[in-house]
Amino acid sequence: MDLKIGSVINGFRVLRDGEVPLLNARYWKLQHEATGATLYYSDRDDGQMVFSVGFRTLPEDDTGVFHILEHSCLDGSKNYQLKEPFVNLLKTSMAVDLNAMTFEDKTIYYFISTNEQDYLNLMSVYMDAVFNPLLLTDRRIFEKEAWHVEPAGEDKVAISGVVFNEMQGNDNQPDYIMWMQNEKQIFPDLFFRFNSGGDPAFIPELTYEQFKETYHRFYSSQNAVFYLSGNMGLEAELAHIDSVLTEKGVSAYEKPAPAPLQAPVVSPDGTVYYQLADNEEIEGNTHLMLTYVLGEDKSAEVLAFALLSRYLAENTESPLSKAVLDAGVGQDFGMACEGDYRQPMLYFTLGKSDPEHAEGFRAAVLDTLKGICETGLDADRIRDLVDSHETDCRRASLSVRTGFRIMESFLRTHVQFDDADPVDDLNALRDAMAADERYFEHLIETYILNSNHWGMTRCIPSRTLTEEKRAKMTARFEAEAEKVNAAEGGYAALEAKMAAFNEYLTAPDSPEAEASVPHLSPADIDTTSHVRDVAVETAQVGGCETESLSYITSTNGMVMAGLLFDLCGLNEDELFYVRCLHDALMSLPAGKYSVPELTQKWVSLHTNAGLGLRVETTGDAYLAINLDTPAEKLTDAVALLNEYITAPVFDRTILSRLFSNASQ
């Protein structure tokens, strides 16, 4: 298909095209002319086809309405009136993945398939689920997924619901509790202060009317953003999306605007609690989180801080990890950059601590970073991390999950900025490093040492929290029971209502409804065996000509090379020693190199090397020696691998450690 800029294809105008840096993918941005919906398409062909539709969904309270909508949209629609149409559809689907997810600022529905007819079937059901859900006319869906009152015997009642029950499972996870409190502290004026998944204490405050009104406001055509990728007949997909959007039309509600930025705040005293297990001690079980906001999204800076996290805290001997642990303020130190927010964050966590160590923790972090800035970072190590990131991206571009990764990135960026124009953050980082030899030190000074936007959160263990929450929930149940029993015959009416509700939940779908769901037929499935993108050739190995397989499409500058040894003639005893060789070879010295030297050489070459052994019940057996390396490193990588093959050093001490508990 000719996706020429300005052309209109089945209701969609092509606005621009571009490349996705480092991921070996092209994309086009299109807009639905009748409604304003946005669609991104990538022709990346890795054997899988991805579909996604997402919406900007910014919570305004803790009722979890968007999480409940996500569940409810999948409970039947105008054209597929089953309680769970996707369960029926998947009986014959070739879907690789199918799901829906609620994030802090968006909700997405997606699937991945390898069969185009299956792709069209899934898209038809998903589009109807999202744009024509039964939830708007069937209150039982709301009561099932959100909450409902049910009899509990002796004139008592309880509250139940899929999301209500699900979120109670998160209610005592220290990391989850601490993260939610952290967002309240550093984004006190934004939607992040609310629980997008829903707080069980507030879910019962959501009414059916509010639920429907929220759907109409946010699940509008103009607020929809689609992503499609793969080798597909795009015209048919666009035609179907166009027909659904055109029928739905433009909502009377304005498209929700992107969230504003949070003005800088300092919040050093955040405190939340979690229930401690009876066999654990209060002392030494506090979790701490120190968070710094890194300004508005600047991709090069986000990448820089992600690499800094590896430099400073990759393991317990990394400079910042060691300093914090040596300070004696806690254990289990971690550092990470959260770059998926419009205002990215750098956060430091510390487990097995105590509340009074919070200031000592912060001082250890700041004092160490200040000293590192004064003495300077190891420039060679930084460059190596930057180069490693490039290799990791090139390697990832060969994965069949790359289309999914691009989808997540495009939807996230579009929700935050009303556009998704991927930038080359790696080259931007390299340009910044070239312009400022102390670039990383200046980042630390600007965003950490001199920050005016940070927070400290303490998640403290409690012996009584569960009882306190149970008492509050019991009081709510009692209040609901009073409402039910206030009317004459109210409790009996509730029992009758729940009996009918349970009958609805357990009743089978009608044959007509089941027949409405599209299914694959045997004729839709290609049973021919295909080997994608590979050619059979010959190669010279050790002066001999041997059969070889080679990729015939772009690998983004990466080389997957290896040798496959036929072991079919070996007996069981010989195969035993092959297994030993497989387990030991890459852990031995080789040629003139020690094991640490070999390890460092692989790191500097940005190369993965390994062995694979396959022994079939049929007696067939193969040993593979593989390289995964940048093309420019291939010669050196092959030479290093040759050391293992031709000059391994069978060190008795290393072998004894590998194959036994003996100390000799």
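The values are calculated or read from the model by the stated rules, or taken from the named source; none is laboratory data. None of these values were measured; they are calculated from a predicted model. Ideal geometry is used to build each Cβ from the backbone, glycine not excepted, and the neighbour counts take in all protein chains shown. To get the accessible areas, we keep the full protein, side chains included, count just its heavy atoms, and leave off ligands, DNA and RNA. Shrake-Rupley method; radii C 1.70, N 1.55, O 1.52, S 1.80 Å.
The table below lists the values:
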read-out	value
Residues with amide H under 5 Å from that of ALA224, placed H, sequence gap 5 or more	THR38
Helix-only [θ]222 nm of the chain, DSSP H runs n ≥ 4, -39500 (n - 2.57) each, per residue, nearest 500	-12500 deg cm²/dmol
Rounded accessible area of GLU478 (nearest 10 Å², 1.4 Å probe)	110
Accessible-area order (highest first, 1.4 angstrom probe) of the listed residues ARG463, ARG430	ARG463, ARG430
Of all accessible heavy-atom area on the chain, the percent that carbon and sulfur account for (1.4 Å)	50
GluC sites (Glu not before Pro) within segment 293-365, DSSP loop, no more than 16 other Cβ atoms inside 10 Å	GLU296, GLU314, GLU317
Solvent accessible area, Å² - GLU616, 1.4 Å probe, full protein context	60
Estimated translational D of segment 428-512 in µm²/s (Stokes, Kirkwood radius over Cα pairs; 25 °C; 0.890 mPa s)	121
Estimated FRET transfer efficiency when R0 is 22 angstrom, pair ARG401-ASP17 (beta carbons, to 0.05)	0.45
Separation between Cα centres of segment 89-133 and segment 1-68, rounded to whole Å	15
Accessible heavy-atom area order of HIS148, HIS240, highest first, probe of 1.4 Å	HIS240, HIS148
Listed values (i) 0.98; (ii) 1.00; (iii) 1.12, entry calculated as Rg/Rh (Cα atoms, Kirkwood Rh)	(ii)
Global form of segment 1-64, assessed from the alpha-carbon gyration tensor, a/c cut-off 1.5	oblate
Kirkwood hydrodynamic radius of segment 290-344, Cα pairs, Å	12.0
Rounded to 5, the percent of DSSP beta bridges in the chain classed as antiparallel	85
Radius of gyration and Dmax over the Cα atoms of segment 245-401, both given in Å	20.3, 64
Fully extended contour minus Cα-Cα distance, from GLU116 to ASN99, at 0.36 nm per residue	4.3 nm
Contour minus Cα-Cα distance for GLU374 and PHE501 (0.36 nm per residue)	38.9 nm
Accessible area, probe 1.4 Å, largest first, for residues GLU237, GLU445, GLU488	GLU488, GLU445, GLU237
In segment 545-644, the trypsin sites (Lys or Arg not before Pro) that fall in loop regions by DSSP, at most 15 other Cβ within 10 Å	LYS592
Rounded, prolate or oblate (a/c below 1.5 giving rounded, otherwise prolate when a/b exceeds b/c) for segment 16-134 by Cα gyration tensor	oblate
Helix 208-218 axis, angle to the chain major axis (alpha carbon atoms, nearest 10°)	50
Per residue, in Å², the accessible surface of segment 87-234 once ligands and nucleic acids are set aside, probe 1.4 Å	34
Anisotropy class of segment 219-259 from Cα gyration tensor, a/c 1.5 cut	oblate
Label point at ALA257 placed 7 Å out along Cα→Cβ; residues across segment 52-74 whose backbone nitrogen lies under 17 Å	56-60
Label point distance in nm, ARG470-ASP620, each placed 7 Å from Cα along Cα→Cβ	5.9
Length released on extending from TYR551 to THR599, taking residue separation times 0.36 nm less the Cα-Cα span	14.5 nm
Residues SER318 and ARG652, FRET efficiency given R0 of 41 Å [Cβ-Cβ distance, rounded to 0.05]	0.80
Accessible area (Å², 1.4 Å probe, nearest 10) - THR653	60
SER243/ALA487 FRET efficiency (R0 56 Å; Cβ-Cβ; nearest 0.05)	0.70
